[in-house]
Amino acid sequence: MTHNTKNSLIIIGLLVLAVAAEIFLITRPNSTTPSAKTSQTGGEPTSETFFFQSERIAQLQVAVTSCDLKISVWDEGRVEIIITSNRTQRNRPYAVLQDNAVIILEDEQEASPKDKTSLDIKVPKNLAEEFNNFNVSLKTTSGAISAQRFSCSVFSATTTSGRIMIDGASFATAEFATESGAVICSDATAGKVSATAKDGAVRYTGNCNRIFAKTQSGAIQYSATEMMQEAFFESESGSINITLPENDGYALSYAAQNGRLKDAFTNTSAKGNGNVVYKNGEALIDAKTSDGNINISKVK
């Protein structure tokens with residue numbers, strides 16, 4: 001075999017390898033192909049950790065699917081995000097820093113019963129204590145959301161299917177929404193609260209200036225440690241239970257179509273619609289339920 005013949009065979013072999021590699025790259029599934037989605041979960045969950053220095057951070061935004069979210073504070077000077085998942089690498093949530101916001105997102109997902117994904121977020125205590133400079137938005141289509149001993153200016157938690165649990169948190173403004181699950185707030189402090197649950201209960205214990213709570217099929221329970229300024233409660237199919245401390249007075253507008261009102265402060269027991277005034281009538285309370293009772297009790 002001549003030298004030229006050998007060179008020709010080498011060139012032909014390299015061309016064959018190049019064409020084969022190109023075919024592999026063209027036919028290899030990407031994150032948007034159906035074949036990639038069918039194998040996006042499986043095996044045991046693994047964890048990876050992201051860190052962000054807190055000096056520039058003013059927002060935390062999470063938008064994920066099929067994921068449990070937990071947020072709390074710690075003594076370190078950086079934001080820590082632990083992502084635990086059994087998804088393939090290309091389908092896992094990931095965290096990035098954009099301007100002054102930490103953003104956690106993912107590629108488009110299809111629901112899988114084998115999906116096991118969760119986020120554990122820790123925020124520096126000093127950042128959370130800078131009440132007017134830090135906002136948090138948590139969204140998941142399927143999963144629970146929890147916040148423990150956490151403070152920020154604006155806090156928003158939304159899930160399609162799962163509970164929202166808040167314990168010992170402080171917010172200037174808080175919004176909680178779930179379609180299938182309960183909203184449970186204990187030892188909470190807020191300026192303004194909005195809590196909605198389509199198929200689940202709303203329970204709030206703590207203090208706030210204004211509260212809006214609405215359910216379609218579930219009870220509403222509000223226990224105030226301090227008297228609020230304004231409250232609106234509405235349930236299509238559920239009772240409304242309000243517990244208040246002794247106060248300077250309130251004006252109550254109520255509607256219980258298929259139930260009755262019992263007010264321990266004014267000793268009122270009535271059916272249907274009406275208005276009740278206690279003392280100076282300063283605080284405003286509006287309570288409506290189509291199928292349930294309205295109970296106003298005194299803190300014991």
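Selection of strands (runs of 3 or more DSSP E) fully inside the range 204-300 by the criterion of at least 2 residues being over 18 Å from Ile184 (Cα atoms) and either touching a Leu at 6+ places or on another chain (Cβ under 6 Å) or open to solvent by 10 Å² or more (accessible area, probe 1.4 Å) (or both) returns 230-237, 249-263, 268-279, 283-289, 294-298. The requirement of being at negative phi, under 33 Å from the mean Cα position of the chain (by Cα) and small (Gly, Ala, Ser) is fulfilled somewhere in the range 266-285, by at least one residue.
Can you say whether Ala147 is within 14 Å of the chain's Cα centre (by Cα) and either closer than 23 Å to Pro93 by Cα or buried (at least 21 other Cβ atoms within 10 Å of the Cβ) (or both), as far as the supplied structure shows? Yes; evaluated as a whole, the condition is true for this residue. For the range 58-106, the candidate set comprises residues that are polar (S, T, N, Q) and assigned to a strand (DSSP E or B); within that set, the residue that is farthest from Arg149 (Cα to Cα) is Asn86.
Residue-wise test of (1) more than 29 Å from the chain's Cα centre (by Cα); (2) among the acidic types (Asp, Glu); (3) over 26 Å from Ser180 (Cα atoms).
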| residue | (1), (2), (3) |
| --- | --- |
| Gln221 | no, no, no |
| Met227 | no, no, yes |
| Ser237 | no, no, no |
| Leu261 | yes, no, yes |
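On the given criteria, is Ala174 within 14 Å of the chain's Cα centre (by Cα), under 19 Å from Ser142 (Cα atoms) and not hydroxyl-bearing (Ser, Thr, Tyr)? In short, no. Only one of the listed residues (Ala157, Ala177) is open to solvent by 10 Å² or more (accessible area, probe 1.4 Å) and under 20 Å from Ile220 (Cβ atoms). That residue is Ala177. Which residue pairs have Cβ atoms under 6 Å apart, sit 6 or more places apart or on different chains, and have a first residue in the range 132-147 that is within 14 Å of Val79 (Cβ to Cβ) and a second that is aliphatic (A, V, I, L, M) and open to solvent by 30 Å² or more (accessible area, probe 1.4 Å)? The qualifying pairs are Asn135/Val154. Here is the figure for the range 125-144: residues that are surrounded by fewer than 22 Cβ atoms within 10 Å (Cβ to Cβ) and assigned to a strand (DSSP E or B) total 3.
Screening Phe176 against (1) in a strand (DSSP E or B); (2) modelled with pLDDT of 95 or more; (3) over 23 Å from Leu69 (Cβ atoms) leaves a single unmet condition, (3).
Looking at the range 47-75, which of its residues are under 27 Å from Pro113 (Cα atoms) and not polar (S, T, N, Q)? Answer for the range 47-75, where residues must be under 27 Å from Pro113 (Cα atoms) and not polar (S, T, N, Q): Glu48, Phe50, Val62, Ala63, Val64, Cys67, Asp68, Leu69, Lys70, Ile71. The residue that is nearest to Asn135 (Cα to Cα), among those in the range 160-174 that are open to solvent by less than 50 Å² (accessible area, probe 1.4 Å) and not hydrophobic (A, V, I, L, M, F, W, C), is Thr173.
Residues of the range 177-188 that are within 22 Å of Glu129 (Cβ to Cβ) and of a type outside the set (Ser, Thr, Tyr): Cys185, Asp187, Ala188.
Selection over the range 153-171 of residues that are under 11 Å from the mean Cα position of the chain (by Cα) and assigned to a strand (DSSP E or B) gives a count of 10.
The values are calculated or read from the model by the stated rules, or taken from the named source; none is laboratory data. Bear in mind that the values here come from a model prediction, so they are computed numbers and not experimental data. Every residue, glycine among them, receives a Cβ derived from its backbone with ideal geometry; neighbour counts consider all protein chains shown. Heads up: the accessible areas ignore ligands, DNA and RNA and are worked out on the full protein's heavy atoms, side chains in. Shrake-Rupley method; radii C 1.70, N 1.55, O 1.52, S 1.80 Å.
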